[in-house]
Amino acid sequence: MTDQTQPPRPPAAYWWCQVGGWGGILLVNISTSQGFVTPSWRLASGYVVLSVFGILLTHGFRAYLLRHGWIDLPIRRLLPRVVTTNFLLAIILVAIVVLYFVAVPPSGHAYTARTRVAVVATLAIFIFNDFIILTLWSGIYFGVAFSQRQRRMEIERYQAQTALAEAELRGLKSQLNPHFFFNCLNSLRALVVENPVRAQEAITQLAAILRYHLQSGERALVPLAEELETVEQYLALELIRFEDRLTIERVLDPCALPFLVPPLALQTLVENAIKYGVSRDVGEGAIHLSARLTGRTGHPERSAAESKDPAELPGSVIYSERFPETPRDPSTSPPAALGMTERSVLEISVRNTGSLYAASGQSTGLGLTNLRTRLRLLFGARASCELREAEPGWVEARLILPVETGVAAVTPFGGTSFRSPDVSSSLRS
Amino acid sequence: MKALVIDDERLARSELRRLLRAHPEIEIVGEAANATQAEEKIKSLQPELIFLDVQMPGRTGFELLAELVDAPRVIFTTAYDQYALKAFDFGALDYLLKPIEPVRLARALARLVAGGVDPGRATPAPSDTLGENDQVFLKDGERCWLVRVSDIRLLESEGNYARVYFAGNRPLIPRTLQSLESRLDP
């Protein structure tokens, strides 16, 4: 909103108000001046200049305040700005008119005051008059703008609520992947006989996934670590099904784990990777998971180098082992302390073997569409989810999420203390 | 009765094997993990019955069946393919939902007996020609049918394809009329 270079074209009503208002002032000026000074076309033309420049200056003011996002300022910050601007504009307006009258002196003019005090007093009155007019203009302009914004926000809120409800409904349908659940249960029947211990473990994992899915609607955001826990449980179950046909690699920056993601966001991407990658490959398939923070100022390369150290992070490492032993306290370690800037983002990538072209034919795209809708509702344009063929034979789903003070919860696991920003407030920002 | 189990998951195959132990008349002669393997094994082992998973890597079970020249009897197994199953003419098709219920498996096998094949008796290997009581599997896009040859009213040539007319349907299948003619009992 603040960075737009071209202010939006004003509606017709705006021009009617401008012309009507300044035209009215012109008429009042001409009619009231009759009594004091000899009427002349030169004097009237001066008033025309006043009204025309009134329109021009206030129109410029409008462009300026839109470009600098004054509409979104709180009243206590807006008021001094508007008063100061109006005062300056009043001086400019009077200066223009005075200069005009100097250049085109009205015949039989009434400016007889010759003393310095009288001149200053006259100018002060003119400035005050114009200031009042400009204040009136600002009052009307901001009044209308505020009420319009209020209405727009209300509509947006309703739209967001409806979209959220729809997304939830669709989410329940698409996210609880029945094909996976039934296949998994079928494998479990065989596993119970073959390897009872592993089967017991798998049943617990399946229960945990089911619980996570059912509870996903309750929170707008969860720490990445928590989401990863479910993803790992899910992958463990898929490994039972696919056995040695599936290999998994993870490169997870421990610093990224406490940051918040929409629940099931990563899960959706991983499920898609399995569905359109490994389960379509006749041979072996692979999934590469990575999560990192980018755009940090403090120690930008530290975590990347750390994560890439193969000795420290073998392919099958469990992310929880990588987590720092002393969890950071949110009060002492704000994102800024981690080297975060406004441009820092959480980048999550899920790569799978396969081709985008082969998958597109069979995909309903529901999971991805659903995820994109949720991202838009939560983060607006600051989050994205792209699907692309990273290199031949590899499809990559990349999720970019903003990392900001309000969303950063520096609580490692199953946190009860992290702050989940409510959806409505994030929609507004 | 010789049967082939086709499923991409090893555990799913072993589960079906275990369930079939209750049915000694079914002899499992082999397993296949994908459509290509299945084609080879059908050719070499000549099973009379196949248990076929719908969702498989590479070609799906439907695609495999539509390409088989001489299809054995089929019992589909699937976890959750409500869309795929909707495309079917249910009456003619046997399918089992995974995890498979033993009762349903028994019922499906019993239906095979009622359908004219006695699973206990060694049946001669299927001949190359189709009799009027044989069934053919047809697939056109997303729709599939299992049709009795006697129900087919007309075969129409459309280039390298043939249009099959039966019971209000007229799917286009990727076979030439000549190849179909050679398969039919004169």
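Per-structure values
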item: Shielding by other protein chains, A:187-193, mean Cβ within 10 Å; result: 6
item: Set of region B:1-25 residues, backbone N closer than 16 Å to the point 7 Å along the Cα-Cβ line of A:ASP244; result: B:9-11
item: 15 Å beta-carbon shell around A:VAL83, net charge (K/R +1, D/E -1); result: +2
item: Region A:35-93 - Rg and Dmax from Cα coordinates, angstrom; result: 15.6, 47
item: Per-residue average of Cβ from other chains inside 10 Å of A:277-286; result: 3
item: Local electrostatic count at B:GLU27 - Lys and Arg +1, Asp and Glu -1, tallied over other residues with Cβ under 10 Å; result: -1
item: A:ALA63-A:GLU156 FRET efficiency (beta carbon distance; Förster radius 25 Å; 0.05 resolution); result: 0.55
item: Inter-chain shielding of B:7-17 (mean C-beta neighbours from other protein chains, 10 Å cut-off); result: 6
item: For region A:53-168, convex hull of alpha carbons as volume per residue, Å³; result: 120 Å³
item: Summed residue charge, Cβ within 10 Å of B:PRO171's Cβ, Lys/Arg positive, Asp/Glu negative; result: +3
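Bear in mind that the values in this text are calculations on the coordinates, not laboratory data. These numbers come from a predicted model, not from an experiment. Note: ideal-geometry Cβ built from the backbone for every residue, glycine included; neighbour counts use all protein chains shown.
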